[in-house]
Amino acid sequence: MPHRISRNELYELVWSQPISALSKRFEISDVALAKACARAHIPVPPRGWWARKTAGKPTPPQAPLNPRLPGQDNEVIIGGGAYAHFRQSLLPAEISAMPIPPEPVYEEDLEAVRSRVRRAVGKVVASGSLKQPPRAIADLLAKDEDRRRKAQATGYHWDRPKYDSPIERRRLRLLSALFSTLVRCECRVEGQVNDGQVFSVTVGHQYVSFEATFMEPRTRPSDPPVKAGHIRLAVGAGFRSSASPRAWEDGKVPLEDQLSEIAVEVIVRGEMQYRESVVRKREWLIERKAELQEKARQQQQESERRARELKAELERARVDRLLGEASALARAQEIRRYVEAVRMANANLETPVSAVEIEAWSTWALREADRIDPVASLAFAKPYNAGPDEAE
């Protein structure tokens with residue numbers, strides 16, 4: 001089971017005891033714990049630091065905990081596999097045990113984050129070539145080369161490369177410069193469709209949609225004119241995000257001079273989505289815990305109702321047994337009186353039944369009376385145990 005802990009708590013722990021000892025608490029190896037710290041950008045003591053400290057020798061100062069990266073979760077998930085962060089399913093018992101976190105408070109507002117991101121991004125310059133593109137663009141170019149070889153072999157027009165035109169090359173150069181900057185800022189870019197127009201940018205633990213499309217020509221005279229090859233770059237609204245999409249186009253300022261602003265917006269959008277997700281997660285936890293509490297209350301009520309019904313059923317069964325025993329005693333006594341009446345009547349008959357026959361019959365009848373008599377058999381003294389049918 002994965003363990004959940006805040007970055008600050010984990011930072012204090014790794015500087016309070018060796019990772020080799022701390023890893024046992026999380027039931028993982030020290031290497032896995034060190035990797036978890038690296039993914040969360042938590043500095044750990046360098047090799048030999050604890051040996052020097054134990055020996056009383058001077059040690060390098062404790063490295064400070066850097067601010068959380070934009071879009072990065074403040075909760076570190078240790079164990080559970082490489083994608084544990086994206087597997088958020090919890091058992092009802094785990095949800096019930098989780099305390100409701102306080103309303104989120106951030107040391108930096110979004111404008112401060114934007115300023116920090118702007119410094120990290122710097123100036124984004126579109127290169128005139130595509131010699132060393134990032135992976136997302138390199139994959140598109142590799143597929144284009146495959147199409148080129150296929151077109152040369154078949155001669156079919158639908159096998160021709162897609163990105164040979166000047167406008168396509170420009171679009172890829174813009175994306176190459178932008179994505180290289182995002183990768184340098186520890187984001188991950190992946191293409192979602194083969195035409196290279198829709199991409200997914202992972203900012204921290206958030207997915208930000210990004211599009212690079214061509215503007216459609218105007219269809220009505222009132223529409224603004226669109227130049228041939230007009231490129232539009234847009235940041236889409238994230239999943240359940242309240243932020244509206246934002247787009248950039250060629251205008252007084254060409255897209256090449258807007259790349260820095262676009263890169264900053266993509267990264268800040270990831271932080272915005274993260275903060276919204278924290279609020280949603282807290283609201284979901286409050287609602288889910290309330291649902292579980294209500295379900296537990298209903299189950300308790302149902303259990304108490306069934307217990308009352310079972311108790312009432314057992315009581316009715318005991319009364320039925322009591323009445324049955326009283327009826328059986330009356331029948332037994334009736335049999336005994338009948339036997340005595342038969343004996344007296346036989347004695348007064350002109351031709352009585354033989355004594356042997358009367359004695360045999362009387363013995364059998366009285367034995368049956370004793371069998372059904374709850375007093376003679378001590379059945380009334382036996383404890384009452386509900387049978388399987390009665391206990392259900």
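If you filter the range 81-92 down to residues that are outside any helix (DSSP H, G or I) and loosely packed, with under 14 Cβ neighbours inside 10 Å, you find that the one that is modelled with the highest pLDDT is Leu91. If you check Val278 against the conditions, is it open to solvent by less than 100 Å² (accessible area, probe 1.4 Å) and free of Cβ contacts under 8 Å to residues at least 12 places away in the same chain? Considered against the rule, which asks whether it is open to solvent by less than 100 Å² (accessible area, probe 1.4 Å) and free of Cβ contacts under 8 Å to residues at least 12 places away in the same chain, Val278 comes out as no. Only a single criterion out of (1) surrounded by 13 or more Cβ atoms within 10 Å (Cβ to Cβ); (2) under 30 Å from Glu271 (Cα atoms); (3) of a type in the set (Val, Ile, Thr); (4) modelled with pLDDT of 90 or more is not satisfied by Val31, namely (1). Could you check, for the range 47-69, whether at least one of its residues is of a type outside the set (Lys, Arg), under 27 Å from Leu110 (Cβ atoms), in contact with a Gly (Cβ under 7 Å, 6 or more places away or on another chain) and buried (at least 17 other Cβ atoms within 10 Å of the Cβ)? Yes, some residue in the range 47-69 is of a type outside the set (Lys, Arg), under 27 Å from Leu110 (Cβ atoms), in contact with a Gly (Cβ under 7 Å, 6 or more places away or on another chain) and buried (at least 17 other Cβ atoms within 10 Å of the Cβ). Taking the criterion of being of a type in the set (Gly, Ala, Ser) and at negative phi, the residues of the range 55-75 that qualify are Ala55, Ala63. Among the residues that make up the range 27-42, is at least one of them in contact with a Pro (Cβ under 8 Å, 6 or more places away or on another chain), in a loop (DSSP other than H, G, I, E, B) and under 28 Å from Arg116 (Cα atoms)? No; the residues of the range 27-42 include none that is in contact with a Pro (Cβ under 8 Å, 6 or more places away or on another chain), in a loop (DSSP other than H, G, I, E, B) and under 28 Å from Arg116 (Cα atoms). Does the range 353-366 include one or more residues that are loosely packed, with under 11 Cβ neighbours inside 10 Å and among the charged types (D, E, K, R)? No. Among the candidates Ala237, Ala290, Ala247, the residue that is modelled with pLDDT of 90 or more, among the small types (Gly, Ala, Ser), open to solvent by 10 Å² or more (accessible area, probe 1.4 Å) and outside any helix (DSSP H, G or I) is uniquely Ala247. Note on the range 308-323: residues that are without any contact (Cβ under 8 Å) to a residue 24 or more places away in the chain and either under 11 Å from Ala379 (Cα atoms) or open to solvent by 70 Å² or more (accessible area, probe 1.4 Å) (or both) amount to 8.
Glu12: at pLDDT below 95, open to solvent by 40 Å² or more (accessible area, probe 1.4 Å) and among the acidic types (Asp, Glu), yes or no? Criteria not met by Glu12.
Here the range 117-142 is the region considered, the condition is being buried (at least 16 other Cβ atoms within 10 Å of the Cβ) and of a type outside the set (A, V, I, L, M, F, W, C), and the residue that is nearest to Arg68 (Cα to Cα) is Pro134.
In the list Ala153, Ala120, which residue meets the criterion of being modelled with pLDDT under 90, assigned to a helix (DSSP H, G or I), out of contact with any helix residue (DSSP H, G or I) (no Cβ under 7 Å at 6 or more places or on another chain) and on the phi < 0 side of the Ramachandran plot? Spell out the reasoning first.
Numbers: Ala120 fails: modelled with pLDDT under 90.
Just a single option satisfies the conditions, and that option is Ala153.
For first residues located in the range 169-187 and open to solvent by less than 10 Å² (accessible area, probe 1.4 Å), partners that are among the acidic types (Asp, Glu) and lie 6+ apart or on another chain with Cβ distances below 9 Å form the pairs Leu174/Glu256.
If you go through the range 156-168 and pick out every residue that is assigned to a loop (DSSP other than H, G, I, E, B), exposed (fewer than 12 other Cβ atoms within 10 Å of the Cβ) and modelled with pLDDT under 85, you end up with 1. The set of residues in the range 250-263 being open to solvent by less than 10 Å² (accessible area, probe 1.4 Å) and farther than 20 Å from Phe214 by Cβ consists of Ala263 alone. Scanning for something modelled with pLDDT of 85 or more, out of contact with any Phe, Trp or Tyr (no Cβ under 8 Å at 6 or more places or on another chain) and among the basic types (Lys, Arg), does the range 380-389 turn up at least one residue? No, every residue in the range 380-389 fails to be modelled with pLDDT of 85 or more, out of contact with any Phe, Trp or Tyr (no Cβ under 8 Å at 6 or more places or on another chain) and among the basic types (Lys, Arg).
Being touching a residue at least 24 places away in the same chain (Cβ under 8 Å), under 30 Å from Gln273 (Cβ atoms) and open to solvent by 30 Å² or more (accessible area, probe 1.4 Å) is the requirement here; does Asp109 meet it? Steps first, answer last, please.
On the way: touching a residue at least 24 places away in the same chain (Cβ under 8 Å): no; under 30 Å from Gln273 (Cβ atoms): yes; open to solvent by 30 Å² or more (accessible area, probe 1.4 Å): yes.
Judged against the criteria, Asp109 is not a match.
If the condition is being touching a helix residue (DSSP H, G or I) at 6+ places or on another chain (Cβ under 7 Å) and open to solvent by less than 90 Å² (accessible area, probe 1.4 Å), then the range 324-352 contributes Glu325, Ala328, Ala332, Ile335, Arg336, Val339, Arg343, Asn346, Pro352.
Filtering Ile95, Ile100 for residues that are of a type in the set (A, V, I, L, M), surrounded by fewer than 13 Cβ atoms within 10 Å (Cβ to Cβ) and touching a residue at least 12 places away in the same chain (Cβ under 8 Å) leaves a single hit, Ile100.
The values are calculated or read from the model by the stated rules, or taken from the named source; none is laboratory data. Quick caveat, the model's predicted, so the values are computed rather than measured. Don't worry about glycine lacking a Cβ; one is built from the backbone with ideal geometry, like all the others, and counts go over all protein chains shown. Heavy atoms of the whole protein, side chains included, go into the accessibility calculation; ligands, DNA and RNA do not. Shrake-Rupley method; radii C 1.70, N 1.55, O 1.52, S 1.80 Å.
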